[in-house]
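A short worksheet on the structure shown next.
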Amino acid sequence: MERTQVGIVGAGPAGLLLAHLLHAEGIDVVLLEARSRDYVENRVRAGVCEHTTVALLRDLGLADRLDREGLPHGGFSLRFDRADHRIDLAALTGRSITVYGQQEIVKDLIAARLATGQAIEFEAADVALHDLDTEAPRITWTDRDGRARELRCDVIAGCDGFHGVSRPAIPAGARTFYDHTYPFAWLGVLAKTPPSHEELIYARHERGFALHSMRSPDVTRLYLQVDPAERLEDWSDARIWDELAARLSVDGDFTLREGPLLEKSITPMRSFVTEPMRYGRLFLAGDAAHIVPPTGAKGMNLAVADVRRLAPALVALLDKNDTQLADGYAEQCLRRVWRAEHFSYYMTTMLHRAPDADPFADRLQLSQLRYTASSTAAATSLAENYVGLPFD
Ligand code: APR
Ligand code: PHB
């Protein structure tokens, strides 16, 4: 049987960053990933990094490309009533965010880990967790050469996303799930065309929400609120552009730049929290423990926030047999998680059109948007959550 200190399941942002943080402290790690390197590096996800996320990557020496290619943004637009209302993040909070695709961070973290001679077990199949309530939990899997493998760990970190095996390995009586689904999904496209505006635009329109974002000076990222039952094959490129143009239209100067679509996908929206984020020697981090709808751009940032707490907790546990940080891990993380859950819910419900919205709900929504755009107090609340609250 193989042996390590921390077995990490999942090489998304949470698992990769945890591996870096632990390796820097001299902790031995084995990192397992179900998919291939090519797949995880090309999976298109969100792209907003809070300043605390950027600062952590810089501290670890992992932000060279992010600093070169990431796009710093000091504000964004709320678009409603056919006009832009700018939220000046920099003026309201003194901080900004950086637009840099999640898969670019994943690429950078993979390259940096491999450069230190550390391995990643890609294409690990049939991953299963055992003996989690003992001091010697195990992971079994079939590796990419078809060999059955078994790894004895001191601790397992479940960083395998929302559809992974870690969360379901917790017995039903030992956890509580909090779940909320929304009556809409996001149809996302990546377009080979320069952004139509220098900043992100969150648009509330009678036809539904739309978002204008970007990846680089030549690539635009756009989203449309759609019914979760919509099928991608019913959305031709022309239909997508027409709908985006309608929902992003303003009175005044704005032209939506069209271009070839490089990727299209539909993602359902959900809020979900697991409490506690631990069972015995299994610790959950990132999407494995909680998900948010993408409107607040918090998913990856929460994953990063979890592992920045988990790493020192595991170091204290493994090096000094000090359980204090590990015992406080879930509660500490869940405070930030629930703040982000509320913020994401608030952004989502303020900007999306519910299929059953009555005129009363419509007017409340517009009133909320007008208040946010005109009150420094309301805008500051939005802005400080958006750029990311500080760590205590
Ligand atoms: N065994 C090993 N790896 C697995 C398994 C499994 N059984 N199941 C899933 N995985 C892998 C996935 O292929 C993925 O690479 O775990 C990884 C989880 O990564 P993410 O889904 O990116 O989750 P996380 O690292 O928590 O990052 C959260 O991802 O979904 C977005 O919006 C979310 O931005 C947020 C971020
Ligand atoms: C993105 O660029 O993919 C993006 C930006 C902001 C969001 C969600 C996604 O709120």
May I ask you to list the residues in the range 260-297 that are in contact with an Asp or Glu (Cβ under 9 Å, 6 or more places away or on another chain), open to solvent by less than 20 Å² (accessible area, probe 1.4 Å) and part of a loop (DSSP other than H, G, I, E, B)?
Met277, Ala285, Ala289, Ala297
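Please return the ranges of strands (runs of 3 or more DSSP E) entirely within the range 186-232 where 1 or more residues are open to solvent by less than 20 Å² (accessible area, probe 1.4 Å), within 19 Å of Arg257 (Cα to Cα) and among the polar types (S, T, N, Q).
Working: elements: 201-203, 210-216, 219-226.
The strands (runs of 3 or more DSSP E) meeting that bar are 210-216, 219-226.
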Residue selected from the range 298-322 under the condition surrounded by 23 or more Cβ atoms within 10 Å (Cβ to Cβ) and among the charged types (D, E, K, R), by the criterion farthest from His180 (Cα to Cα):
Asp306
If Ala91 meets every condition in (1) away from ligand 1 (no atom under 16 Å from the Cβ); (2) farther than 30 Å from Arg370 by Cα; (3) out of contact with any Asp or Glu (no Cβ under 8 Å at 6 or more places or on another chain) apart from one, which number is that one?
(2)
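Being surrounded by 15 or more Cβ atoms within 10 Å (Cβ to Cβ), of a type in the set (Asp, Glu) and touching a strand residue (DSSP E or B) at 6+ places or on another chain (Cβ under 8 Å) is the requirement here; does Glu104 meet it? Spell out the reasoning first.
Working: surrounded by 15 or more Cβ atoms within 10 Å (Cβ to Cβ): yes; of a type in the set (Asp, Glu): yes; touching a strand residue (DSSP E or B) at 6+ places or on another chain (Cβ under 8 Å): no.
Taking the combined requirement at face value, the residue does not satisfy it.
What about Gly158, is it at negative phi, within 16 Å of ligand 2 (Cβ to nearest atom) and at pLDDT 95 or above? Before the answer, list the steps.
Numbers: at negative phi: yes; within 16 Å of ligand 2 (Cβ to nearest atom): no; at pLDDT 95 or above: yes.
No, not satisfied.
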Could you grab me the full set of residues in the range 326-373 that are under 19 Å from Asp84 (Cα atoms), charged (D, E, K, R) and touching a strand residue (DSSP E or B) at 6+ places or on another chain (Cβ under 9 Å)?
Arg353, Arg370
Tell me, please, whether a residue that is closer than 19 Å to Ala285 by Cα, touching a residue at least 24 places away in the same chain (Cβ under 8 Å), of a type in the set (D, E, K, R) and more than 16 Å from ligand 1 (Cβ to nearest atom) can be found in the range 1-22.
no
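Tell me, which helices (runs of 4 or more DSSP H) lie completely within the range 1-98 with 1 or more residues that are touching a Phe, Trp or Tyr at 6+ places or on another chain (Cβ under 9 Å) and open to solvent by less than 60 Å² (accessible area, probe 1.4 Å)? Talk me through it step by step, then tell me what you get.
Working: elements: 13-24, 37-42, 51-59, 64-69, 89-93.
Qualifying helices (runs of 4 or more DSSP H): 37-42, 51-59, 64-69, 89-93.
Being more than 16 Å from ligand 1 (Cβ to nearest atom), free of Cβ contacts under 8 Å to residues at least 40 places away in the same chain and under 21 Å from the mean Cα position of the chain (by Cα) is true for just one of Asp38, Asp59. Which residue is that? Let's see the steps before the verdict.
Values: Asp38 fails: more than 16 Å from ligand 1 (Cβ to nearest atom).
Selected residue: Asp59, the only one of Asp38, Asp59 that is more than 16 Å from ligand 1 (Cβ to nearest atom), free of Cβ contacts under 8 Å to residues at least 40 places away in the same chain and under 21 Å from the mean Cα position of the chain (by Cα).
The values are calculated or read from the model by the stated rules, or taken from the named source; none is laboratory data. The structure displayed is predicted, hence computed values, not measured ones. Neighbour counts run over all protein chains shown; Cβ positions are idealised from the backbone, glycine included. These area figures cover heavy atoms from the full protein model, side chains too; ligands, DNA and RNA do not enter into them. Shrake-Rupley method; radii C 1.70, N 1.55, O 1.52, S 1.80 Å.
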